[in-house]
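Participant: Below is one structure. I have some questions about it.
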Amino acid sequence: MQQLFQIIKTFKMAKGNITLTMIKPYAVQHGYVGPILARINEAGFRIAAMKYLQLSLRQAEAFYEVHRERPFFERLTRFMSNGPIVAAILEKENAVDDYRLLIGATDPTRAEEGTLRKLFGASIEQNAVHGSDSDDNAIREASFFFSELERF
Ligand code: GDP
């Protein structure tokens, strides 16, 4: 029976069904966790895992490793480690693309009306939330924050 549950769990976490989000420090500090989670819920995502934590600078650098050569890397990793965040695995069919639509463009001034970044973002860096940009990254990022025992 235990094995059957494990197989169902693995199947539900399969590629295409999950994305990883972080509610970034600025949005947490401004009290936007509740409103953001409400919109995630209304958009039909199931929360498969969630935690409230503060990244160390080293952990933020590891998470954003692909951006190491970008000019904003140091600022971004300092910002992401300067206060608590909420990390969550969100589950839904077509999760990565649907969540990118819900959060909007990277720069809140360019994000579509009603998107999370338009509603709650302050700047291109402090843009309220992270969302995985591919299925492969969703799986990598989900494992960065959560063990199997922390996923439901
Ligand atoms: P995303 O996939 O839309 O989050 O965008 P990227 O993967 O390109 O960038 C990762 C994160 O780096 C963004 O969410 C921003 O917080 C930050 N970022 C991206 N571009 C810039 C920039 O030009 N300047 C600064 N300061 N931060 C940026």
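Participant: Taking N as the number of residues in segment 2-150, what is its Cα Rg relative to 2.2 N^0.38 Å?
Facilitator: This ratio for segment 2-150 stands at 1.01.
Participant: Mind putting a number on the dipole of the chain about its Cα centre? Charges go on the C-beta only, +1 for Lys and Arg and -1 for Asp and Glu, and I need it in Debye to the nearest 20.
Facilitator: 300
Participant: Tell me which residues come under 5 Å, amide H to amide H, from residue 129 once H is placed; ignore anything under 5 positions away on its chain.
Facilitator: HN-HN under 5 Å from residue 129: 24.
Participant: Which value at 222 nm does the chain reach when only helices count, each DSSP H run of 4 or more adding -39,500 (n - 2.57), with the total divided by all residues and rounded to the nearest 500 deg cm²/dmol?
Facilitator: -12000 deg cm²/dmol
Participant: Can you tell me what share of the DSSP beta bridges in the chain is antiparallel? A percent to the nearest 5 is fine.
Facilitator: The antiparallel fraction comes to roughly 100 percent.
Participant: PRE reach from residue 97 (point 7 Å along Cα→Cβ): which of segment 130-152 fall under 12 Å by backbone N?
Facilitator: Answer for this model: 135.
Participant: Okay, moving on. Mind listing the phi-derived Karplus ³J(HN,Hα) values for segment 31-41, rounded to whole Hz, using 6.51, -1.76 and 1.60 with θ = phi - 60°, and x for any glycine or proline?
Facilitator: Once θ is set to phi - 60°, the couplings for segment 31-41 become x, 8, 4, x, x, 5, 5, 4, 5, 4, 5 Hz.
Participant: Calculate one ³J(HN,Hα) per residue across segment 57-71 by plugging θ = phi - 60° into the Karplus curve 6.51 cos²θ - 1.76 cosθ + 1.60, and present them in order as whole Hz with x for glycine and proline.
Facilitator: Per-residue couplings from phi come out as 4, 4, 5, 5, 5, 5, 4, 9, 3, 4, 9, 3, 8, 6, x Hz.
Participant: Counting Lys and Arg as +1 and Asp and Glu as -1, what is the net charge of the other residues whose Cβ lies under 10 Å from the Cβ of residue 85?
Facilitator: +2
Participant: Across the chain, how many lysine pairs separated by 8 or more positions, or lying on different chains, have Cα atoms within less than 23 Å?
Facilitator: Lysine pairs meeting the criterion: 11.
Participant: Any idea what angle helix 2-12 forms with the longest principal axis of the chain, computed on alpha-carbon atoms, 0 to 90 degrees, nearest 10?
Facilitator: Its long axis makes an angle of about 40 degrees.
Participant: To continue, here is another question. If amide hydrogens are placed 1.01 Å from N in the peptide plane, which non-local residues have theirs closer than 5 Å to the one on residue 85?
Facilitator: For residue 85, the qualifying residues are 53, 54, 55.
Participant: Please turn the phi angles of segment 87-97 into ³J(HN,Hα) values with the Karplus equation 6.51 cos²θ - 1.76 cosθ + 1.60 (θ = phi - 60°), one per residue in order, whole Hz, x for glycine and proline.
Facilitator: 10, 8, 9, 10, 10, 5, 4, 6, 4, 4, 5
Participant: Mean-square fluctuation check for the chain, GNM, Cα pairs under 10 Å: which of 45, 73, 120 is largest?
Facilitator: Comparing 45, 73, 120 in a Gaussian network model of the chain, the most mobile one is 73.
Any read-out appearing in this document is the output of simple, stated calculations on the displayed coordinates, not a laboratory observation. On a predicted model such as this, the values are computed, not experimentally measured, just so you know. Cβ coordinates were reconstructed from backbone atoms using ideal geometry, including for glycine residues, and neighbour counts include every protein chain displayed.
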